[in-house]
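Participant: The structure under discussion is supplied below as structure tokens; questions concerning it will follow.
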Amino acid sequence: MPITYIAETLFDGHDMLSDIALTVDDGKITAITPATNNQPGIVLPGLVSAGFIDVQVNGGGGVLFNQSPTVDALKTMVKGHAIYGTTAMLPTLITDQLAVIQQAADAMAEAIRQQTPGIIGIHFEGPHLSEPKRGIHSTDFIRPISDKELAQYCRQDLGKVIVTVAPENVPADIIADMVKQGVHVCLGHSNATADVVEQALQAGASGFTHLYNAMSPLTSREPGMVGVALNDARSYCGLIVDHHHVHTTSCQLAIKAKGWQKIMLVTDAMAHVGSDISSLPYLDTEIIRTGDKLSLPNGTLAGSALDMATAVRNTHQDLGISLADSLNMASMTPATYLGMQDSLGKLAVGYAADFVVLDTQQKVKSTWIQGKKVFDSTQ
């Protein structure tokens, strides 16, 4: 049965519109029209915008995907991030053993088969990375790519797939093969020279994982991965705007260089988001939350406690980026990168009824996935 909502303000991906009737039926948007006087409908006070799409989320709701590669864990992650406006995600498996990669892929395949709301695919971040730029990824598991791993990445039952690799350790012909089979190859955790990065892009790599972090820097005579990423007009970059991973000026520079159309706000969130845990056991150490920062006992950044609504808020309020562009970097841009621009990422007829209602400070009042309310701040 169709349900009509009356939005005080609605951002459709292009314009901020006032007094709009949004009609939803069977999980899809069926009409967006100006509201008439006294039109019946459920009033949504605040700003209604497309739900946020997070392509790099390691955990949430108290669970880390690596530690619990199950369908139940995926559902818990969705619930933990829906509080902050995320309506679609690529749960991210960081560097691990082959058996865990297989378990995660099987869990994702089952979640996709069940059409689990909020789950659209998987991101394998490693294990084919550069040891000098490994961050918290375990040296014990970093390794060259194998046929068994490729078989998992190239499965056709996983929804959308991102694989992050260091191009100095994964040959261009393997990158090209993965791309040919539908994988979105991102570059990151890499110490590669600019020439090697360019070769990977020519082979079909199309994105960069958490721009600036864990990648060869831009210098005067060697542009590094950062320089190529900023200069390349075709590729997309994930950006962690939590004020811990990247300096404000560097964030502003990236958006100025690439445009909102090529920058995807990401969280790199760990299990802490959407839960009250402060410490998480991880391998032979622990990840500790201090305020809005996650780190190992030695001070190394360990993912983030960032959520997508805060990423939007930081981008708009602290970087001075327009609200429209900030919202699009959290929705339309990742949808376009994943090739889902005709079904997700903006509010239009025929698109998924995935939306978030924000207050004037871009804090989440309610979240809707496929036309169903999954979070309400008043309840």
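The values are calculated or read from the model by the stated rules, or taken from the named source; none is laboratory data. On a predicted model such as this, the values are computed, not experimentally measured, just so you know. All Cβ positions, glycine included, derive from the backbone under ideal geometry; neighbour counts span all protein chains shown.
Participant: Examine region 242-253 for a residue that is touching a His at 6+ places or on another chain (Cβ under 9 Å) and closer than 17 Å to residue 337 by Cα, and state whether such a residue exists.
Facilitator: The answer is no; no qualifying residue exists.
Participant: Of the residues in region 346-361, how many are in contact with a Lys or Arg (Cβ under 9 Å, 6 or more places away or on another chain), in contact (Cβ under 8 Å) with a residue 60 or more places away in the chain and outside any strand (DSSP E or B)?
Facilitator: Final tally of qualifying residues: 5.
Participant: Just checking, does region 48-66 include any residue being surrounded by fewer than 16 Cβ atoms within 10 Å (Cβ to Cβ) and not hydroxyl-bearing (Ser, Thr, Tyr)?
Facilitator: No, there is no match, as no residue in region 48-66 is surrounded by fewer than 16 Cβ atoms within 10 Å (Cβ to Cβ) and not hydroxyl-bearing (Ser, Thr, Tyr).
Participant: Next question, about the same structure. May I ask you to list the residues in region 44-78 that are within 22 Å of residue 238 (Cα to Cα) and assigned to a helix (DSSP H, G or I)?
Facilitator: 74, 77, 78
Participant: Read through the list (1) part of a helix (DSSP H, G or I); (2) surrounded by fewer than 22 Cβ atoms within 10 Å (Cβ to Cβ), then give the number of the only condition that residue 175 fails.
Facilitator: (2)
Participant: If you check residue 284 against the conditions, is it assigned by TED's automatic domain parsing to the domain that holds residue 67, more than 17 Å from residue 84 (Cα to Cα) and without any contact (Cβ under 8 Å) to a residue 40 or more places away in the chain?
Facilitator: Taking the combined requirement at face value, the residue satisfies it.
Participant: Something else about it: Could you list, in sequence order, the residues of region 67-78 that are within 30 Å of residue 4 (Cβ to Cβ) and surrounded by fewer than 24 Cβ atoms within 10 Å (Cβ to Cβ)?
Facilitator: The one that is within 30 Å of residue 4 (Cβ to Cβ) and surrounded by fewer than 24 Cβ atoms within 10 Å (Cβ to Cβ): 75.
Participant: What are the pairs with Cβ atoms under 9 angstrom where one residue, in region 30-49, is at positive phi and the other, located anywhere, is outside any strand (DSSP E or B) and β-branched (Val, Ile, Thr)? Sequence gap at least six, or different chains.
Facilitator: Within 9 Å, the pairs are 46/360.
Participant: Could we say that residue 124 is out of contact with any helix residue (DSSP H, G or I) (no Cβ under 8 Å at 6 or more places or on another chain) and within 22 Å of residue 282 (Cα to Cα) here?
Facilitator: no
Participant: Look through region 263-288, keep the residues that are assigned to a strand (DSSP E or B) and at pLDDT below 95, and return whichever of them is farthest from the chain's Cα centre (by Cα).
Facilitator: Applying the filter and picking the extreme gives 285.
Participant: Considering region 289-307 alone, what residues qualify as being within 18 Å of the chain's Cα centre (by Cα) and of a type in the set (Ser, Thr, Tyr)?
Facilitator: Of everything in region 289-307, just one residue is within 18 Å of the chain's Cα centre (by Cα) and of a type in the set (Ser, Thr, Tyr), namely 304.
Participant: So, one more: If I go through region 89-121 residue by residue, how many of them are among the aliphatic types (A, V, I, L, M), touching a helix residue (DSSP H, G or I) at 6+ places or on another chain (Cβ under 9 Å) and part of a helix (DSSP H, G or I)?
Facilitator: Result for region 89-121: 7.
Participant: Looking at 138, 220, can you tell me which residue is at negative phi, more than 17 Å from the chain's Cα centre (by Cα), part of a loop (DSSP other than H, G, I, E, B) and at pLDDT below 95?
Facilitator: The conditions single out 138.
Participant: Looking at this structure, is residue 203 surrounded by 21 or more Cβ atoms within 10 Å (Cβ to Cβ) and over 26 Å from residue 316 (Cβ atoms)?
Facilitator: It is false that residue 203 is surrounded by 21 or more Cβ atoms within 10 Å (Cβ to Cβ) and over 26 Å from residue 316 (Cβ atoms).
The rows are residues; the columns are (1) in contact with a helix residue (DSSP H, G or I) (Cβ under 7 Å, 6 or more places away or on another chain); (2) among the charged types (D, E, K, R).
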{"residue": "171", "(1), (2)": "no, no"}
{"residue": "175", "(1), (2)": "yes, no"}
{"residue": "182", "(1), (2)": "no, no"}
{"residue": "192", "(1), (2)": "yes, no"}
{"residue": "198", "(1), (2)": "yes, yes"}
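Participant: Just name the residue that is surrounded by the fewest Cβ atoms within 10 Å (Cβ to Cβ) out of those in region 79-88 that are in a helix (DSSP H, G or I) and not aliphatic (A, V, I, L, M).
Facilitator: If we take residues in region 79-88 being in a helix (DSSP H, G or I) and not aliphatic (A, V, I, L, M), then 79 is surrounded by the fewest Cβ atoms within 10 Å (Cβ to Cβ).
Participant: Is there any pair linking a residue in region 307-327 that is more than 18 Å from residue 249 (Cα to Cα) to one that is surrounded by fewer than 21 Cβ atoms within 10 Å (Cβ to Cβ) and among the basic types (Lys, Arg), with Cβ under 7 Å and at least six apart or on different chains, and which?
Facilitator: Once the first residue is more than 18 Å from residue 249 (Cα to Cα) and sits in region 307-327, its partners that are surrounded by fewer than 21 Cβ atoms within 10 Å (Cβ to Cβ) and among the basic types (Lys, Arg) give 309/363.
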